[in-house]
Amino acid sequence: PLLLLIICQYAINSVKTHSASNPNIILLMADDLGIGDLGCYGNKTLRTPNIDRLAEEGVTLTQHIAAAPLCTPSRAAFLTGRYPIRSGMAAFSRVGVFLFSASSGGLPSEEITFSNLLKQKGYATALIGKWHLGMNCESSNDFCHHPLSHGFDYFYGLTVTNFRDCKPGQGSVFLKGVQKALIIPIQIAGITLVSLAIARYIGLLNVPFQAFCYCLLIITISLVVLIFFFYHFRHLNCFLMRNHQIIQQPLSYENLTQRLTKEAMQFIGRNTDAPFLLVLSYLHVHTALYASENFRGKSKHGLYGDAVEEMDWSVGQVLDVLVKHNLSDKTLVYFTSDQGAHVEEISSAGEVHGGYNGIYKGGKSTNWEGGIRVPGLLRWPGVIQAGAYIDEPTSNMDIFPTVVKLAEAQLPSDRIIDGHDLLPLLQGKVTRSKHEFLFHYCNAYLNAVRWHPGNSESVWKVFFFTPNFSPEDSNGCYDSHVCFCHGGFITQHDPPLLFDLSRDPEEKVPLTPETESRFYEILRVVHQAVDNHTRSLQAVPNQLSWDNLLWKPWLQLCCSSVFQSCYCD
């Protein structure tokens, strides 16, 4: 009997060991979803039963932090496990994300994604939905930054993002900025040309007529190209691809979530007998908002609420197909958002199109907690705890080492990986996060640092600068639509602002030497951590330079021809 017991126990342990390796992995990412939009994080009026089911059957991370408060850098960090500053995916200019399909910047080929490593271990890999990490480098078909060049076998989705400009009648995120940016140069050019013409006419200057005509021609061509581009913006930038082929240009929003969901379910159905990685990257709830007929007008929060509830339906469909194929116990499911809700999103009709960040200050584009504290839900029945809450600092960069280790792949040894394996925390084997420090960047500028000392429950947060909200007494930068990271858009702090998030998660009252006896000691430790972190950075090409951001006609993909308005369906 003793021998039989030993053999049985060995068999049980073998099963447990086997079940905790090479699982299927489904990573669900919302876009601009607020942590306060979900029932499992306290929302009482939006219906999210399927996402809440992940919380009930898995672990809820209550201090899960996006590595950046904007789409492009946050997603780069998520895929690589590294701060975006390390890969050149953090901007020194005002624009911190890719805006055009024909830009030359993107996630460098030298970067290693978790999809690269899982594919090498035999995983089938797919990205469905939003990419937003570039497409081409030097020609319209080199696809150097495309998902298929970063370890995904299959891609169905958008290479850029969902813009208001993509949906007729939803306004534009560009026109106001373009008008502001161009009005002064146009006035200067006009005044210069008129002045030269007058000076030539009265004989003050001997300007060759040919030179005058050349200047006029260059200005005219530039204006025509700009007008053409923005008039055709929807066709040139809002299109749906399957792998390297455009299948719908411009994008249609009709039943779009259903199409993305169907693609995800079919991918799972094709890979029931081998491990797979599925990244389902929703367009919801980035503007332009949309919802299909079954969800439109059904929520208590207008079109935004309809979109959240439609996304929740989609999550339910994915979970149900796992049940159908008996894959639930073999699959790790993760749900998050790339950053916090975009609080400044208000439609031309005055309807709120941005989400709710709960008690947290600020939102998307800021490193206040509302911009970077995001949902973090993980479920894997029988392997990680069910119904547990973890309040330790964790990061979306932690997904990289977690899934790589689960796939029994090797972490890269030639670079710094900033994420940490979450599994010991999720299984209750440890109670403390490995993140003693987290560094919060606003584009390429170090904005704030979070310090969770190993011998303390405190979570200190130090701000070196903060965005100037407009209007001043509001909770965002409504005048500019997003907050910016430098110059007159920010206020520098010397000494830095200090908060203890364990006592003041709303970041309402900065601490002072009078209210916190360790004030200067905390700042000293944080400054030392910043010095160590800064020394670990290496110079890399800036993927979000103006040269890499600008639209380049020779990189433009078009499924028909420009003269046919780049149309196909």
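The values are calculated or read from the model by the stated rules, or taken from the named source; none is laboratory data. These numbers come from a predicted model, not from an experiment. A quick note on method: Cβ atoms are made from the backbone with ideal geometry, for glycine too, and the neighbour counts reach across all protein chains shown. For the accessible areas, the whole protein counts, side chains as well, though only heavy atoms, and no ligand, DNA or RNA atoms are used. Shrake-Rupley method; radii C 1.70, N 1.55, O 1.52, S 1.80 Å.
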Among residues belonging to segment 158-177 that are in a helix (DSSP H, G or I) and loosely packed, with under 14 Cβ neighbours inside 10 Å, point out the one that is modelled with the lowest pLDDT. 176
Is it true that residue 441 is open to solvent by 30 Å² or more (accessible area, probe 1.4 Å) and in a strand (DSSP E or B)? no
Unique match (being outside any loop (DSSP other than H, G, I, E, B) and of a type in the set (A, V, I, L, M, F, W, C)) among 76, 90, 67, 102: 76
Exactly one of (1) touching a residue at least 60 places away in the same chain (Cβ under 8 Å); (2) surrounded by fewer than 19 Cβ atoms within 10 Å (Cβ to Cβ) is unmet by residue 109. Its number? (1)
Considering residues of segment 358-416 that are open to solvent by less than 10 Å² (accessible area, probe 1.4 Å), of a type in the set (Gly, Ala, Ser) and in a loop (DSSP other than H, G, I, E, B) only, the residue nearest to residue 497 (Cα to Cα): 362
Here is a list of conditions, (1) closer than 30 Å to residue 22 by Cα; (2) free of Cβ contacts under 8 Å to residues at least 24 places away in the same chain, and residue 298 meets all of them except one; can you say which number that is? (1)
Determine which member of the set 155, 98 is more than 16 Å from the chain's Cα centre (by Cα), of a type in the set (A, V, I, L, M, F, W, C), in the same structural domain as residue 24 (by the TED database) and modelled with pLDDT of 95 or more. 155
In segment 131-157, how many residues are surrounded by fewer than 20 Cβ atoms within 10 Å (Cβ to Cβ) and of a type in the set (A, V, I, L, M)? 1
Taking helices (runs of 4 or more DSSP H) that do not extend beyond segment 200-271, which have at least 2 residues that are β-branched (Val, Ile, Thr) and either at pLDDT 95 or above or farther than 28 Å from residue 173 by Cα (or both)? 256-270
What residue, among those in segment 298-314 that are touching a helix residue (DSSP H, G or I) at 6+ places or on another chain (Cβ under 7 Å) and assigned to a loop (DSSP other than H, G, I, E, B), is nearest to residue 352 (Cα to Cα)? 299
Among the residues of segment 259-268, is any free of Cβ contacts under 8 Å to residues at least 24 places away in the same chain and more than 19 Å from residue 167 (Cβ to Cβ)? yes
For segment 19-53, give me each residue that is open to solvent by 30 Å² or more (accessible area, probe 1.4 Å), charged (D, E, K, R) and in contact (Cβ under 8 Å) with a residue 60 or more places away in the chain. 47, 53
Given the conditions (1) buried (at least 24 other Cβ atoms within 10 Å of the Cβ); (2) out of contact with any Gly (no Cβ under 6 Å at 6 or more places or on another chain), report the number of the one that residue 282 does not fulfil. (2)
Name the residue, out of 320, 312, 306, that is out of contact with any strand residue (DSSP E or B) (no Cβ under 6 Å at 6 or more places or on another chain), open to solvent by less than 40 Å² (accessible area, probe 1.4 Å) and without any contact (Cβ under 8 Å) to a residue 40 or more places away in the chain. 306
May I ask you to list the residues in segment 446-469 that are closer than 17 Å to residue 528 by Cα and assigned to a strand (DSSP E or B)? 446, 447, 448, 449, 450, 451, 460, 461, 462, 463, 464
Give all pairs with beta carbons closer than 8 Å in which a residue from segment 410-433 that is at positive phi meets a residue that is surrounded by 12 or more Cβ atoms within 10 Å (Cβ to Cβ) and outside any helix (DSSP H, G or I); count only pairs at least 6 apart in sequence or on separate chains. 428/385; 428/388
Does residue 111 count as of a type outside the set (A, V, I, L, M, F, W, C), assigned by the TED database to the domain that holds residue 157 and in contact with a helix residue (DSSP H, G or I) (Cβ under 6 Å, 6 or more places away or on another chain)? yes
What do you reckon, is residue 345 under 23 Å from residue 163 (Cα atoms) and surrounded by fewer than 24 Cβ atoms within 10 Å (Cβ to Cβ)? no
